[in-house]
Amino acid sequence: MIYGCVITYNDMPLIKSTIESIKDKVDKIIAVDGRYRDFPDTNGDYSTDGTLEYLATINNVQLVFASGVDEVVKRNKYLEQVHDGDIVLNLDADEVLVGEVKNLDADFGIIDLHDGHSRHVQKRATRFFKYYEGMAYKNVHYTLYYNGRQVNNLKKVINGDFTYEDVKDFYLIHNWHLRSQTRQHSKSIYYKKLLRNEAGFPR
């Protein structure tokens, strides 16, 4: 099974583009909705902008709810829904997939992330992987651990027990710049707090 996984909170209309870009390319989509801890300008524990109503119309979407928690907790919520050997593709709610999702032969697929605002392209080792029982996000929202040992960081697989391959069949486009100015400002405040928390600074 190939799972498309998204964490969200009041992400309309961009999440619609995200879901439309993967709904026919994965077996199932898991969307974890709920207010992020420390997110400014919150309006309720769960999305109130039409996100939930839209997701409910997509046949292969499974909704999971988690409010008032950080991104590590929200991402682990979707890992709780998958099984050993399943393939996980995770996208942010302002990203779209271009191309066709293929089966993953290695443990991790290194994919390209295009900044929709420029020509900048980044490699990502944390977005496409085979799930093994015992995997979990820990400490930093994009870092996976397996039975207590760190597997990867943002850009590379660092545990030699796991294989990886470069993925050329698809890539992601990050469309953060299409968010409203208000939302961009709120996200900026939130991520500054998130990174401070993950670095171990007092809240």
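Quick note: the coordinates plus some simple rules give every number you see, no bench work behind them. Keep in mind that what you see is a predicted model, and the values were worked out from it rather than measured. Here Cβ is always computed from backbone atoms with ideal geometry, including for glycine, and neighbour counts include all displayed protein chains.
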For the range 27-135, place one equal point scatterer on every Cα, skip the solvent, and apply the Debye formula. What is log10 of I(q)/I(0) at q = 0.15, 0.17 Å⁻¹? -0.79, -1.00
Over the chain, the sum of -39500 (n - 2.57) across DSSP H runs of at least four, divided by residue number and rounded to 500 deg cm²/dmol, gives at 222 nm -6000 deg cm²/dmol
Which whole-number percentage describes the relative contact order of the chain, with Cα contacts under 8 Å and a sequence gap of 6 or more? 22 percent
Using DSSP loop states and a limit of at most 16 other Cβ atoms within 10 Å to flag GluC sites (Glu not before Pro), what is the longest stretch of the chain containing no flagged site? 1-79
Take the alpha carbon atoms of the range 184-200, find their center, do the same for the range 44-68, and report the distance between the two centers in whole angstrom. 23 Å
Contour minus Cα-Cα span, Q81 to N139, at 0.36 nm per residue, comes to 18.8 nm
When the charge dipole of the chain is computed with +1 on Lys and Arg Cβ and -1 on Asp and Glu Cβ about the Cα centre, the Cα farthest towards its positive end, among T8, L154, V61, belongs to L154
Per 5 Å bin, what is the whole-percent P(r) computed from every C-alpha pair distance within the range 1-47? 5, 21, 26, 21, 14, 9, 5, 0
Most fluctuating of S188, S21, S118 in the GNM of the chain (C-alpha, under 10 Å) is S118
Would you work out the charge dipole size for the chain about its Cα centre, treating the Cβ of every Lys and Arg as +1 and the Cβ of every Asp and Glu as -1, and quote it to the nearest 20 debye? 720 debye
Pairs to check: K74/K138; K123/K168; K123/K156; K25/K168; K25/K77. Give those whose C-alpha atoms are more than 20 Å from each other in this structure. K25/K77
Percent antiparallel among DSSP beta bridges confined to the chain, rounded to 5, stands at 50 percent
Projected label distance in nm at V98 and D24, using a 7 Å step from Cα toward the beta-carbon: 1.9 nm
Among the lysines, which fall within straight-line cross-link reach of K23, defined as a Cα-Cα distance under 16 Å, with same-chain neighbours fewer than 8 residues apart omitted? K102
Just tell me which aspartates and glutamates come within less than 16 Å, Cα to Cα, of K193; anything on the same chain fewer than 8 places away is out. D38, D41, D70, E71
In Å and from the alpha-carbon atoms only, list the Rg and Dmax of the range 56-203. 15.8, 44
Of A66, A125, A106, the most mobile residue in a GNM of the chain (C-alpha springs, cutoff 10 Å) is A106
